[in-house]
Amino acid sequence: MKRARRQVTKTAPKASNAAEAAENANDDVSERIRTTLANAIGEGALKPGTKILEDAIADHFGVSRTVVRGALGVLESDHLLERKKNRGTFVAEPGIDEARALFESRRKLEHAILELVMERASAEQLDALEKLADEEEQIHHHGDEKSKTTLSGKFHIVLADLGGNAVLTEVLTKIVARLSLVMALYEEEKRDDCGADHHRMIVSALKAKDLAKAQHLMDHHLADIEGRVRLTEGQGDRHTFMAVLENFS
Ligand SMILES: [Zn+2]
């Protein structure tokens, strides 16, 4: 009697395990879809205004459109995608006010991060950061275009990690991703390097325990990036239109 009951209770969790496994598998795919699209956007392979083809994603990853829509929904709430009524989902095109707010948030955040890094990072961690800046400079001088683009933002995310506050790192990661859309839309002169020499000077200031100098160098570095964009109405449209001409001519 007891044994039979046990068997019944044994099969019940098995069925829910299978459902759970399927759900977990969908979660994994959903995460892969998000990472794939976020990386493609960050590296400029998917330009602002590009239509997201749900069918193609569903086919490629072998999942239903429901799973795809779930993944797109997350990217939408991260402001990397935007849904347009009756037209579908597109890579987001941040407006001018949003772009200004993103640059401002990044400045404030990077200051706070430097403060935490100064407090918490070990000498070994700063050595590793210096090594990264050196590698960036190597790639900047000798690397191909692809590896150059992949660099953008990496230094800043690693720096944020050294601050030891995962929430700040997460927020910065999202801001950097959104700023890559701003750069794609409004940058006047395309330059992929995120100032490898600036990065090295920032690390030197950190190693010398000079917070004010590190923050000042960071401001200068971010102002340099911001100085490459022209935030005027119509500039975004112009870039989108130029991209279309490039693709179709
Ligand atoms: Zn940088």
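Just so you know, all these numbers are worked out from the coordinates, no wet-lab data involved. From a predicted model like this one, the values you see are computed outputs, not experimental measurements. Reconstructed Cβ throughout: ideal geometry from the backbone, glycine too, with neighbour counts over all protein chains shown.
Numbers below:
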item	result
A112 paired with D28, simple spin-label distance in nm, labels 7 Å along Cα-to-beta-carbon	3.6
Entries in K108/K174; K131/K213; K131/K174; K108/K131; K154/K174; K47/K84 that, when Cα-Cα distance is taken, lie over 18 Å	K131/K213; K131/K174; K108/K131
Whole-Hz couplings from phi, Karplus 6.51/-1.76/1.60, listed for region 244-249; x for Gly and Pro	5, 4, 4, 6, 9, 9
Nonlocal amide H pairs with A92, under 5 Å, H built at 1.01 Å	G49, L81, E82
Kirkwood-Stokes translational diffusion coefficient of region 17-91, alpha-carbon pairs, 20 °C, 1.002 mPa s, µm²/s	169
Test item: Cα-centred dipole of region 17-91, Lys/Arg +1 and Asp/Glu -1 on Cβ, debye	540
Signed unit charges on C-beta, dipole axis of region 17-173, positive-most listed residue L172, L80, Q125	L80
Pairwise label distance in nanometres, S77 with A223, each label 7 Å out on the Cα-Cβ vector	3.8
Stokes-Einstein D for region 74-134, Kirkwood Rh over Cα pairs, 10 °C, 1.306 mPa s (µm²/s)	107
³J(HN,Hα) computed for each position of region 31-44 - Karplus, 6.51 cos²θ - 1.76 cosθ + 1.60, integer Hz, glycine/proline x	5, 5, 4, 4, 5, 4, 5, 4, 5, 4, 5, x, 8, x
For region 154-168, Karplus couplings with θ = phi - 60° (6.51, -1.76, 1.60), whole Hz, Gly/Pro x	4, 3, 5, 6, 5, 4, 4, 4, 5, x, x, 10, 5, 5, 4
Fully extended contour minus Cα-Cα distance, from T36 to F248, at 0.36 nm per residue	73.9 nm
Approximate spin-label separation K213-A21, in nm, with each point projected 7 Å along Cα-to-Cβ	5.9
Debye, to nearest 20: dipole size of region 21-168, +1 on Lys, Arg Cβ, -1 on Asp, Glu Cβ	820
